[in-house]
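First up is the structure itself, then whatever we jot down about it.
Every number in this text was worked out from the coordinates using simple rules, so none of it is lab data. Values in this document were obtained by computation on a predicted structure and should not be read as measured data. Heads up, the Cβs are rebuilt from the backbone with ideal geometry, glycines too, and the neighbour counts pull from every protein chain shown.
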Amino acid sequence: MSVPVLRLKRGEERRIRSGHLWVYSNEVDIVATPLKALTPGGEVVVEDSRGKPLGRAYANPHSLICARLFSRDPNQSLDRTFLEKQIAQAVSLREPLFEGGCYRAVFGDGDGLSGLVIDRFNDTFVIQSGTAGMDAVLEDIAQALDRLYQPKNIVVKSESAVREQEGLSSMVQALKGELPAEVLLSENGVSYYAPLEEGQKTGWFYDHRAARRRILPLVAGARVLDVFSYCGAWGVLAAAQGASSVTCVDSSARAMEFVQRNAELNGVSDRIVALAMEANAAMKELILQGQRFDVVVIDPPAFIKRKKDFKNGLAGYHAINELAMRLVEPGGVLVSASCSMHLSRDQLMDVVRSSGRHIDRFVQVFATEGQAEDHPIHPAIPETEYLKSIFARVLMNP
C-alpha cells in the first residue's frame, strides 16, 4: 500500500535536516500536498521541495505540528517490531541508572518517539499518548511492552492539554490487567504511594528526581517547607533523610492524604505536617505566624503553559519566590523550581535575583539542576529541556 507524501516548501527542510522531528503546517507545500486530505495519525513520507525523502512521520492535519518524524528511513513503518526496538533502546538507558523498576521509560522526542510517554512503576506501565499517531498504535505499544517486560498492568492515561490541540479526547483505560487506584514506587531510596487513577498525569513526577537527590546533604536536622508538595516527593524524602520537621503544602486535600500515607510508609509521620491550602495563602499565613525554615522548596505547576501566558506567569513566579524567601531562615536554602518550558533557566535565575533584591536579601546561588536522567534532552529540540531548579542560600544583606 502506497504511503502519502508530505512535501515541504523550499528551504523548510533545514530544521529537519539538523535533527528536529517536527513539521509545522506552515512549512508544507499545500499545492503539492493537500494537507487537509491526510488522515489524522496516518503515516507519511516527508520530502523536501525537490522530492528528496527526509524520513517517515505520522501526520495530523488538524494540528499546528502537522507531522512528527519517527524514522529517517522513508520505508520504515511505525509497527510493533519498530516500537519494541525503540522502547527497549530507551529502557536500556534507564536500567543501569536506577535501582528497581521505577522510572520514565520513554520520554517522547528525547527517545525518538514523539508524542509518547511511558512511566514504569515496577510491574505497572502507564502510557501517555499526546498525538493521533500514537493513539493509532496503542495496541502495538502495549504488545511491545508485554513482550519485553511481561508487566502485571499496562494502562493508558492520556489526559493532557496537548491532546486538545490534536483534536483528541481524554482516554483512561487498562490495556492489560487492571487500572490500579494507586501505585507503589521507590525514588532516591524512599518509598511512595502515588494516585494513578485520580492522580495528575501518570500519577507521579519522576523528572525532579535529580534535584531531589541534591537536597539530601542539606536537610539533616533542618526545618523544611515543601510548597506545591503533591504527594510529598521532596518533603517525605527530607524527613527520611533526617529533617527535624517538615511542613507540606498543597491545595489538594487528596494529595495531603498521600503525604500522610507516605510519611507513615517511611516511618516519619511524627515529623510531617500536611496543610491543604493554596500555596500563596499558606505562605502568607506562615509569615504572619513568624515561622522560618532552614530549607524551603517551591515546585509549582507550569505557570506559563503558552507564550501568551508569559507576563502573568512571570508575575506568579516572582510572587511565590518573594514569599518563599521571607520564610527562609537567614543562612538557609531556597530551592526554586520551574517546569515551564517557556521560562528559561536564565529567566528563573533573574526571578530569584530580583526577588532577593526586592525584599533586601543577599542571595548566593550554589547549584542548579535540570531534569533527571530518564528525561533525556534531544539536542535539536529545545522543547525537550523544560525543567530547571535553582539552589540558593538566602542571607540578610550586610
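Could you sort the peptides 187-198, 104-115, 18-29 by per-residue average Cβ neighbour count (10 Å cutoff), highest mean leading?
Numbers: 187-198: 18.4, 104-115: 24.5, 18-29: 16.9.
So the peptides 187-198, 104-115, 18-29, ranked by packing, come out 104-115, 187-198, 18-29.
Over the chain, calculate the relative contact order: mean separation of alpha carbon pairs under 8 Å at least 6 apart, over the residue count, as a percent.
Numbers: 862 pairs, mean separation 44.0, N = 398.
Worked out over the chain, it gives 11 percent.
So what's the projected area for the chain, the Cα convex hull averaged over all directions, in nm²? All intermediate terms of the calculation are to be shown ahead of the outcome.
On the way: hull surface 80.0 nm².
Mean orientational projected area (the chain, Cα hull): 20.0 nm².
When the dipole is taken about the Cα centre of the chain, and only Lys, Arg (+1) and Asp, Glu (-1) are charged at their Cβ, what size is it in debye, to the nearest 20? Mind dumping the intermediate values first?
Numbers: 45 positive and 49 negative charges, 229 e Å.
Around 1100 debye, computed over the chain.
Round to the nearest 0.05 the FRET efficiency obtained for Arg254 and Ala220 when R0 = 25 Å and r is the Cβ-Cβ distance.
On the way: r = 30 Å, r/R0 = 1.21.
In this case the efficiency is close to 0.25.
Testing the spin-label approximation: label points 7 Å from Cα along Cα→Cβ at Gln200 and Met171. State their distance in nm.
About 2.4 nm separates the two model spin labels.
How large is ³J(HN,Hα), in whole Hz, for each residue of segment 51-65 in order, when computed from phi with the Karplus curve 6.51 cos²θ - 1.76 cosθ + 1.60 and θ = phi - 60°, using x for Gly and Pro?
x, 7, x, 10, x, 10, 9, 10, 10, 8, x, 8, 10, 4, 7
Which FRET efficiency value, to the nearest 0.05, is calculated for Arg353 and Asp29 with the Förster distance at 56 angstrom and r the Cβ-Cβ distance?
Working: r = 46 Å, r/R0 = 0.83.
Taking R0 as 56 Å, the efficiency between Arg353 and Asp29 is 0.75.
Arg7's amide H: which non-local residues (gap 5+, or another chain) put their own amide H closer than 5 Å, with H modeled 1.01 Å from N in plane and none for Pro or chain starts?
Asp29, Thr33, Glu47
Taking neighbour counts of Cβ atoms within 10 Å as a proxy for exposure, in what order, fewest first, do His318, His375 appear? Mind dumping the intermediate values first?
Values: His318 16, His375 23.
Ordered from fewest to most neighbouring Cβ atoms within 10 Å, His318, His375 come out as His318, His375.
What net charge is computed for the residues neighbouring Asn26, neighbours being all others with C-beta under 10 Å from the C-beta of Asn26, Lys and Arg scored +1, Asp and Glu -1? Spell out each step's value before the answer.
Details: positive: Lys9; negative: Glu12, Glu27.
Every neighbour counted, the sum reads -1.
Positive end of the dipole of the chain, charges at C-beta (+1 Lys, Arg; -1 Asp, Glu), about the Cα centre: which of Ala282, Ile141, Pro382 has its Cα farthest in that direction?
Among Ala282, Ile141, Pro382, the one farthest towards the positive end of the dipole of the chain is Pro382.
May I ask you to derive the FRET efficiency for Asn280 and Glu139 from their Cβ-Cβ distance with R0 = 41 Å, giving the value to the nearest 0.05? Please list the in-between numbers first.
Working: r = 45 Å, r/R0 = 1.09.
Computed FRET efficiency for Asn280 and Glu139: 0.40.
If we sort 274-287, 250-263, 159-172 on the protection proxy, mean other Cβ atoms within 10 Å, highest first, what's the order? Intermediate results must be reported in sequence, preceding the final value.
Working: 274-287: 17.5, 250-263: 19.8, 159-172: 14.5.
The densest-packed peptide leads the list: 250-263, 274-287, 159-172.
Each residue of segment 224-233 in order: what ³J(HN,Hα) in whole Hz does its phi give by Karplus 6.51 cos²θ - 1.76 cosθ + 1.60, θ = phi - 60°, with x for Gly and Pro?
Using θ = phi - 60°, the values come out as 10, 10, 10, 9, 6, 7, 6, 8, x, 4 Hz.
Listed highest first by mean packing, meaning other Cβ atoms within 10 Å per residue, what order do 227-240, 123-136 come in?
Values: 227-240: 27.2, 123-136: 23.4.
For the peptides 227-240, 123-136, the packing ranking is 227-240, 123-136.
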